[in-house]
Amino acid sequence: MADTTLEKADTTGSAAPAAAWRSRGTARRSTHTLRLRVSATLVAVTALAVLLVPPLVQLDQQAVDLASKLLPPSWAHPFGTDDVGRDLLLRCVYGLRVSLLVGVVAALTATVIGTAVGAAAGALGGWVDRLVMRLVDTLSSVPHLLLGIFIVAMFRPGVWPVVVSVAATHWLSTARIVRAEILSLRSRPYIDAAVSGGASRRRVVLRHLLPGVLPQAGLAAVLMIPHAMWHESALSFLGLGLPTHTASLGTLIQDARGTLLAGQWWPTLFPGLFLIIPTLAIAGLAGVWRERINPRRRSELML
């Protein structure tokens, strides 16, 4: 009778932590699913806005309507108007379109450059690897914003100089990631088997190494989009790269500095939200992707 009581006590004592552990895993999965759905919804809304609104609703970037200057949010103007009477909602959508274009194109370009450089350094090794990584270290020691200002100053104002500036300063982290992944893959048994079977270095790189680093490179590209958007906004806020009449989130915030001191909060708040919310949504999707391609992190999530 005493042994039965002890067995029941042991069973009850071990069942309680197991139940608590399962409930914690369920809560983690619920949080993971909620984050995925919210992030995907915000990204979809952002994509639809920048793709559909500008073709359907034309906005004259240089129009002036002083009679509607700095109107607060209302049904006619949900986000109010700016300091020259233009609808702030349309200006924010147009600015988000420019910032997102710069972010996506610059991130893809930087990812291609970084993947090529990192793969070459990791696959060739030796003095090539040392030379390339010293170059990466040297460029990494220069602040991105300072180097971006120097690059933008060499071109006429426009969107594409900003794209070149952001892409040229953001491939370094991708090169490091790809190189580290290549070095890890080179020690795998199937790489040794391919080399022993007579495969050339070019074939090993193209058929085995590059496919293995593409998920990491894609994740780096997605994570780079918010960073590139903030970098473009910083350059635009400083008055560099884009013409003054072109709407971007950085130029909208820069134009609203004086109105904020005068008590008109909406010209600063809404462009800031248009910058913060999409970047958080993209970062949320990238976090889910990171958990998918990282088996250890995914197993910890499912516990």
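For ASP65, nonlocal amide neighbours, meaning residues 5 or more places apart or on other chains whose placed amide H falls under 5 Å from its own, are GLY85, ARG86.
Taking GLY198, GLY114, GLY272 as the candidate residues, the one with maximal mean-square fluctuation in a Gaussian network model of the chain, Cα springs under 10 Å, is GLY198. When the Cα convex hull of region 83-180 is projected onto planes of every orientation, the mean area is 7.7 nm².
Note on region 230-293: Cα-only Rg and Dmax are 14.6, 49 Å. Shown for region 87-244: the carbon plus sulfur share of the solvent-accessible area, taken with all protein chains present and a 1.4 angstrom probe, equals 69%.
Among THR46, THR81, THR41, THR109, the order of accessible area from largest down is THR41, THR109, THR46, THR81, computed with a 1.4 Å probe on protein heavy atoms.
If you sort ARG35, ARG203, ARG179 by accessible surface, 1.4 Å probe, largest first, the order is ARG203, ARG35, ARG179.
Ranked from the most accessible area to the least, with a 1.4 Å probe and all protein chains present, what is the order of VAL132, VAL93? Before the final figure, lay out each step's value.
Numbers: VAL132 30, VAL93 10 Å².
Result, largest first: VAL132, VAL93.
The mean sequence separation of alpha-carbon pairs under 8 Å and at least six residues apart, normalised by the residue count of the chain, gives a relative contact order of 26 percent. Annotation: HIS208 carries an accessible surface of approximately 60 Å², with a 1.4 Å probe and no ligand, DNA or RNA atoms counted. The distance from the alpha carbon centre of region 40-57 to that of region 65-123 is 12 Å, rounded to a whole number.
From the Cα gyration tensor of the chain, with a ≥ b ≥ c the square roots of its eigenvalues, which class applies: rounded if a/c is under 1.5, or else prolate if a/b is larger than b/c, or else oblate? If you can, show how the numbers build up before the last one.
On the way: a/c = 2.94, a/b = 1.31, b/c = 2.24.
Since a/c reaches 1.5 but b/c is at least a/b, the shape of the chain is classed as oblate.
Between THR81 and LEU70, LEU71, LEU88, the built amide H atoms are under 5 Å apart, and every one of these is 5 or more places off in sequence or on another chain. Percent of C-alpha pairs per 10 Å bin in region 123-239, short distances first: 12, 34, 28, 17, 7, 1. Each of THR169, PRO189, PRO215 was scored by the projection of its Cα onto the charge dipole of the chain, and the greatest displacement toward the positive side belongs to PRO189; charges sit on the C-beta of Lys, Arg, Asp and Glu. Per residue, the accessible area of the chain comes to 55 Å² when a 1.4 Å probe rolls over the protein heavy atoms. Membrane-span-like helices of the chain, defined as complete DSSP H segments with a Cα extent of 20 Å or more along the helix axis and a mean Kyte hydropathy of at least -1.0, are identified as 2-56, 88-124, 126-140, 172-186, 210-237, 266-293.
Could you compute the longest span of the chain free of chymotrypsin sites (Phe, Trp or Tyr not before Pro) located in DSSP loops and having at most 15 other Cβ atoms within 10 Å, not counting the site residues? Don't skip to the answer; put the middle values down first.
Details: sites that count: TRP75, PHE155, TRP265.
After excluding every exposed loop site, the longest remaining stretch is 156-264.
Sort region 188-303 into rounded, prolate or oblate with this rule: let a ≥ b ≥ c be the square roots of the eigenvalues of the Cα gyration tensor; rounded if a/c is under 1.5, and if a/c is not under 1.5, prolate when a/b is larger than b/c, oblate otherwise. In terms of gyration-tensor shape, oblate. Heavy-atom accessible area for ARG176, with the other protein chains in place and a 1.4 Å probe, reaches approximately 100 Å².
The values are calculated or read from the model by the stated rules, or taken from the named source; none is laboratory data. Since we're looking at a predicted model, the values are computed, not measured. Every residue, glycine among them, receives a Cβ derived from its backbone with ideal geometry; neighbour counts consider all protein chains shown. We work out accessible area using only protein heavy atoms, side chains counted, and drop any ligands, DNA or RNA first. Shrake-Rupley method; radii C 1.70, N 1.55, O 1.52, S 1.80 Å.
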